[in-house]
Amino acid sequence: MTVMESVSARTDTCASAPKPHPRPEGQDNYTISEVVAYSGLTAHTLRWYERIGLMPHVDRSHTGQRRFSNSDLDWLAFVGKLRLTGMPVADMVRYAELVREGDRTFTERQELLEATRRDVRTRIAELQGTLAVLDHKIDFYGGARVTAPETERV
């Protein structure tokens with residue numbers, strides 16, 4: 001059973017998220033090397049995610065090889081977005097635990113995501129300020145070539 005299959009379809013799927021990575025039509029059974037190709041993650045990272053509980057319950061073949069499903073790939077895409085936010089791994093693992101616990105954790109999951117959104121918005125504002133400084137410097141250098149040289153202020 002996968003993380004996403006362990007809860008009802010209503011609880012925490014990424015149905016409204018951006019389109020998932022393209023996959024072979026009709027396929028829902030992937031080897032670790034195929035998941036590496038689709039996700040861009042390394043096999044080492046996938047095994048680590050499984051070990052720390054971020055990617056639990058990955059199915060196994062009769063020979064013990066990992067078999068990932070489309071739901072697993074959707075989950076990995078979502079985890080990738082959480083990574084981009086700068087969410088600490090411990091919080092991502094906590095979120096995965098809350099998903100597995102079911103509907104009763106909606107409030108806690110929402111609070112965790114809202115805190116992450118606040119952090120992202122703060123970082124965006126900081127980056128916008130940094131971008132404004134860069135734009136100013138670029139404009140300065142562009143104007144310096146056309147007009148008489150000025151003394152640059154730091």
Report task. State the extension gain, in nm to one decimal, for the chain segment bounded by Leu131 and His44, taking 0.36 nm per residue of separation less the distance between their alpha-carbons. Result -> 27.8 nm
Query - Relative intensity, log₁₀ I(q)/I(0), of segment 31-129 from a Debye sum that treats every alpha carbon as a point, q = 0.24 Å⁻¹ - result: -1.29
Report summary line: With all protein chains present and a 1.4 Å probe, the order of Ile52, Ile138, Ile32, Ile124 from largest accessible area down is Ile138, Ile124, Ile52, Ile32
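The values are calculated or read from the model by the stated rules, or taken from the named source; none is laboratory data. Just so it is clear, the structure is predicted and the values come from calculations on it, not from any experiment. Remember, those area values only see protein heavy atoms, side chains included, never the ligands or the DNA or RNA. Shrake-Rupley method; radii C 1.70, N 1.55, O 1.52, S 1.80 Å.
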